[in-house]
Amino acid sequence: TSFPSQEVKIKHLLNFHKTALADPNWTMDGVGEADEKRLLQNFDKCHRVYAKLSEKSRRVIADIAQRMATGMAEFVGKDLGQGTTDVDQYNRYCHFVAGLVGEGLSRLFAASGLEKPSFASELFLSDQMGLFLQKTNIIRDYLEDYVDHRAFWPQTIWKKYAKSGELGYFTKQDDPEVRKLSLECLNELVTDALELAPDCLAYMSKLQCTEIFRFCAIPQVMAIATLDYCYANSDVFTGVVKIRKGTSCKLILKTNNLDELHDIFYQYA
């Protein structure tokens, strides 16, 4: 299920902050699948929670929703069957769908009083945190995104390794040469994502509230463990790559403070 046209989809995106966030009875049917579809069908329940937030928090959420929707609308009409055109576009997409989430959370942390007011200005580090998580997902989801014709691996990277000039080249893992080149490509993308790790650690070193620290740190340790698992792993090109549930549980239990966070990052990086 989807919108009848790209124009209609863009219109809904650009007006989301004025419709869904302004109307307590707003819902949408016939769009999305599974949980996404149910979320839209029951969005009035989300609005009830939103309406109970402070005015400061509501302003942050509305602002981020508007800017994110504007960015997503920019990508609606793009042909992403072969990924993003270059690293700049790759980073721009990640900024809109994840970096802005990081900024919004930092501003909410400050608005709540649980972090210093100055935390609302940590825009660069907030963005880097979001990019780290999003790039991890994009790297891991190569096959799923390629099959869905909505891929995000930047062409300026993967075309250095795909002799056919086609993103699906890497799925032919029975060919030794393809396997070698695909892993080289994968490892370059993982390395690109890991360059964000120091900024992620810098961001989390500034957090004062223990609960907020764990809220931020646990996704980050999951991400770096996933990148470690993806590195030189040909399974990325043939199926879904996920860290084991036992590993996830261990990471959750061992991520309680900055020293433990540094230990985990050191272990995987």
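Points to keep in mind about this one:
- Conditions (1) modelled with pLDDT under 95; (2) assigned to a helix (DSSP H, G or I); number of the one not met by E211: (1)
- Single condition A34 does not satisfy, out of (1) exposed (fewer than 12 other Cβ atoms within 10 Å of the Cβ); (2) modelled with pLDDT of 95 or more; (3) of a type in the set (A, V, I, L, M, F, W, C): (2)
- Residue match in segment 132-146 (condition: over 20 Å from the mean Cα position of the chain (by Cα), without any contact (Cβ under 8 Å) to a residue 40 or more places away in the chain and more than 24 Å from L258 (Cα to Cα)): no
- Condition met for A223 (in a helix (DSSP H, G or I), in contact with a helix residue (DSSP H, G or I) (Cβ under 6 Å, 6 or more places away or on another chain) and either surrounded by fewer than 16 Cβ atoms within 10 Å (Cβ to Cβ) or at pLDDT 95 or above (or both)): yes
- Residue check for L207: over 30 Å from F109 (Cα atoms), hydrophobic (A, V, I, L, M, F, W, C) and open to solvent by less than 40 Å² (accessible area, probe 1.4 Å): no
- Residue ID - modelled with the lowest pLDDT, chosen from residues in segment 51-87 that are charged (D, E, K, R) and either surrounded by 18 or more Cβ atoms within 10 Å (Cβ to Cβ) or in contact with a helix residue (DSSP H, G or I) (Cβ under 9 Å, 6 or more places away or on another chain) (or both): K78
- Residue match in segment 134-153 (condition: touching a Gly at 6+ places or on another chain (Cβ under 8 Å), outside any loop (DSSP other than H, G, I, E, B), more than 19 Å from P219 (Cα to Cα) and open to solvent by less than 60 Å² (accessible area, probe 1.4 Å)): yes
- Pairing residues of segment 59-87 that are under 16 Å from L108 (Cβ atoms) and of a type outside the set (D, E, K, R) with residues that are part of a helix (DSSP H, G or I) and open to solvent by less than 10 Å² (accessible area, probe 1.4 Å), at Cβ distances under 8 Å and at least 6 apart in sequence or on separate chains, gives V60/G104; I61/G104; I64/L100; I64/G104; M68/L100.
Residues are listed down the side, and each one gets a yes or a no for (1) modelled with pLDDT under 95; (2) closer than 17 Å to Q134 by Cβ; (3) of a type in the set (D, E); (4) in contact with a His (Cβ under 7 Å, 6 or more places away or on another chain):
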| residue | (1), (2), (3), (4) |
| --- | --- |
| T171 | no, no, no, no |
| E195 | no, yes, yes, no |
| K206 | no, no, no, no |
| N233 | no, no, no, no |
| V241 | yes, yes, no, no |
| N257 | no, no, no, no |
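- Of the residues making up segment 107-126, those that are in contact (Cβ under 8 Å) with a residue 60 or more places away in the chain and assigned to a helix (DSSP H, G or I) are F109, F119, F124, L125, S126.
- Yes/no for Y229 being open to solvent by 80 Å² or more (accessible area, probe 1.4 Å), under 14 Å from T136 (Cα atoms) and in a helix (DSSP H, G or I): yes
- Scoring L114 on the criteria (1) under 18 Å from A217 (Cβ atoms); (2) open to solvent by less than 50 Å² (accessible area, probe 1.4 Å); (3) more than 12 Å from the chain's Cα centre (by Cα) leaves a single failure, condition (2).
The values are calculated or read from the model by the stated rules, or taken from the named source; none is laboratory data. Model, not experiment: these values are computed from the prediction. Here Cβ is always computed from backbone atoms with ideal geometry, including for glycine, and neighbour counts include all displayed protein chains. Please note that ligands, DNA and RNA were not included when accessible areas were found on the heavy atoms of the full protein model with its side chains. Shrake-Rupley method; radii C 1.70, N 1.55, O 1.52, S 1.80 Å.
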